[in-house]
Amino acid sequence: MAVNQASGAAFELKGRMATLTVLRLLTADPGHLFIQLDARLAQAPGFFDGMPLVLAPGQDVSLDAAMLETLVAGLRDRGLLPVAAADVSEDIASAAGLGVLRNLGGPRSDASGQTGRSGSGKPVAEARAPENGAARLVTQPVRSGQQVYARGGDLVVSAPVSAGAELMADGHIHVYGTLRGRALAGVQGDVNARIFCQSLEAELVAVAGHYRLSEQIDAGLRGAPAMIRLRGDELGIDAL
Amino acid sequence: MARIVVVTSGKGGVGKTTTSAAFGAGLARAGYRTVVVDFDVGLRNLDLIMGCERRVVYDFVNVINGEANLNQALIRDKRVEGLEILPASQTRDKDALTFEGVESVLNALAETHDYVVCDSPAGIERGAHLAMYFADDALVVTNPEVSSVRDSDRVLGLLSSKTRRAEQGEEPVKEHLVVTRYAASRVGKGEMLSMEDICEILSIDLLGVVPESTAVLNASNAGVPVIMEEKTDAGQAYDDLVARYLGEEREHRFLTEKKGLFGRLFKG
């Protein structure tokens, strides 16, 4: 409830984790896809109605704008709701009225540097590296319910982070205090981002969307200085 | 110009009103003109704790709505010179408090008093927000248990972002920790959070620790601010707390368990 018009906020922007269904495209032929899709939809009528979908081209499938538009139209006709595409260029996606997801996890860990797999031809690493923004420094305790996001760079907190607080950064996160809340590094998909903290008591740590809950953190690492980073698809926690 | 002090916690039932009454009475005893304002509209309690429930004629909401002037609504304490209370309305709810109304009442009180103590309702909604918005200092009341500590932590976050001082970029609200219902014996058994844990989690200055005590309940039932029960542990704890707030150095007396007769006999 706003206290008055002047000081009350009309909206909040919040980062949330959500589960989305991904439609992985294993063929470049929409007609072929729709035949199989219709058969699947017929098995469960109504079940897929209004389901938000992310379209992701599978390996060796490249999408062009016309194909994506045909697909989106066909899916909407069938009551599905494509909302975003992964691994395609922004022009192609926006032409079809979709957003772009860059850090979609999943079976793309073959880091052999294949380019041209996606329609954009843009090397993945380039799209993922954070811009060289200045680090954001927070010197006050980050309290329960507060959220701090360092867009385009690192986040340095020289105070404790309470349970129920949330830190997010496009780059690394450093906490020179006890980390009790959540810390999400590399939220735009930078797999090289790391989290450093003086005392690890976090509720959740995540790098580029790969997360671990406190109960999945080895008890021996708790309460001690630690570094969290992504090793392949696995989130690793090392004592410092 | 008075200093506005909010007594807040997030969680209910931790001792905000008890602390407001004791703190206000302590400041008045030290010679400061003090008014305690009950922001808990609809759940009016401060008048009971301070023993003036029979003298409530007009209240905070009447003053905001212009149905009474401030002097008609203020109740003078009969025991302590310089102590007044502004009771909440029992028949209304928090929406009856307007931003402009609260601001003008607090400004008027600030001109005629040295300290304005705002007794916040529980929660983080309108009533609690308005109680803290104009504050210069905050007493954050916490019990030694995890949910209370987390709620206090949330309130500390609001104090540093949703107050006038924060919004206008002034010096931040000065935060003081008050731990109530502290039972050293239960901390020893691991049933309660220790002072070190609480201070470490909240990382603010500790102003006072009030032990769990039957004196608090007795004083509330009698309508006497517990600080006036000078022989009791809770009364002494609040006396220390007020002295520290006013700049005096006093040791924390109630952090360790008082040994009973058997404890003394057997443990030396």
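Checking the condition in contact with a His (Cβ under 7 Å, 6 or more places away or on another chain) and not in a loop (DSSP other than H, G, I, E, B), which residue from B:V35, B:V102 passes? It would help to see each step written out before you state the result.
Working: B:V102 fails: in contact with a His (Cβ under 7 Å, 6 or more places away or on another chain).
Every option except B:V35 fails the conditions.
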Expected output for the range B:198-209 (first residue within 8 Å of chain A (Cβ to nearest Cβ) and surrounded by fewer than 23 Cβ atoms within 10 Å (Cβ to Cβ), partner part of a loop (DSSP other than H, G, I, E, B) and not basic (K, R), Cβ below 6 Å, 6+ apart or cross-chain) is B:S203/A:P141; B:S203/A:P160
Whether any residue in the range B:135-158 is more than 13 Å from chain A (Cβ to nearest Cβ), small (G, A, S), closer than 26 Å to B:A25 by Cβ and more than 20 Å from the chain's Cα centre (by Cα) is what I want to check.
no
Can you pull out the residues in the range A:191-212 that are within 10 Å of the chain's Cα centre (by Cα) and either farther than 12 Å from A:L230 by Cβ or of a type outside the set (A, V, I, L, M) (or both)?
A:G209, A:H210
Looking at (1) of a type outside the set (D, E, K, R); (2) more than 30 Å from A:G58 (Cβ to Cβ); (3) modelled with pLDDT under 95, find the lone condition where A:V156 falls short.
(3)
Collect the residues in the range B:114-128 that are surrounded by 24 or more Cβ atoms within 10 Å (Cβ to Cβ) and of a type outside the set (G, A, S), keeping them in residue-number order.
B:Y115, B:V116, B:V117, B:C118, B:D119, B:P121
Hey, any hits in the range A:114-135 for a residue that's away from every other protein chain (no Cβ under 14 Å) and at pLDDT 80 or above?
yes
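Given the criterion within 15 Å of B:S152 (Cα to Cα) and surrounded by fewer than 24 Cβ atoms within 10 Å (Cβ to Cβ), identify the matching residue among B:G31, B:G12, B:G42.
Working: B:G31 fails: within 15 Å of B:S152 (Cα to Cα); B:G42 fails: within 15 Å of B:S152 (Cα to Cα).
Exactly one residue qualifies, and that residue is B:G12.
Scan the range B:73-81 and tell me whether some residue there is under 11 Å from B:T34 (Cα atoms) and aliphatic (A, V, I, L, M). If you could, list the steps in order and put the result at the bottom.
First, pick out the residues of the range B:73-81 that are under 11 Å from B:T34 (Cα atoms): B:76-77, B:80-81.
From what's left, aliphatic (A, V, I, L, M): B:80.
Within the range B:73-81 (the criterion being under 11 Å from B:T34 (Cα atoms) and aliphatic (A, V, I, L, M)), the answer is yes, since at least one residue qualifies.
To keep it simple, each residue is scored yes or no on (1) closer than 30 Å to B:D93 by Cα; (2) modelled with pLDDT under 80; (3) of a type in the set (K, R).
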site: A:V3; (1), (2), (3): yes, yes, no
site: A:M17; (1), (2), (3): no, yes, no
site: A:L23; (1), (2), (3): no, no, no
site: A:Q43; (1), (2), (3): no, yes, no
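The values are calculated or read from the model by the stated rules, or taken from the named source; none is laboratory data. It should be emphasised that the depicted structure is a prediction, and the values quoted were computed from it without experimental measurement. Note that we place each Cβ from the backbone using ideal geometry, even for glycine, and neighbour counts take in every protein chain shown.
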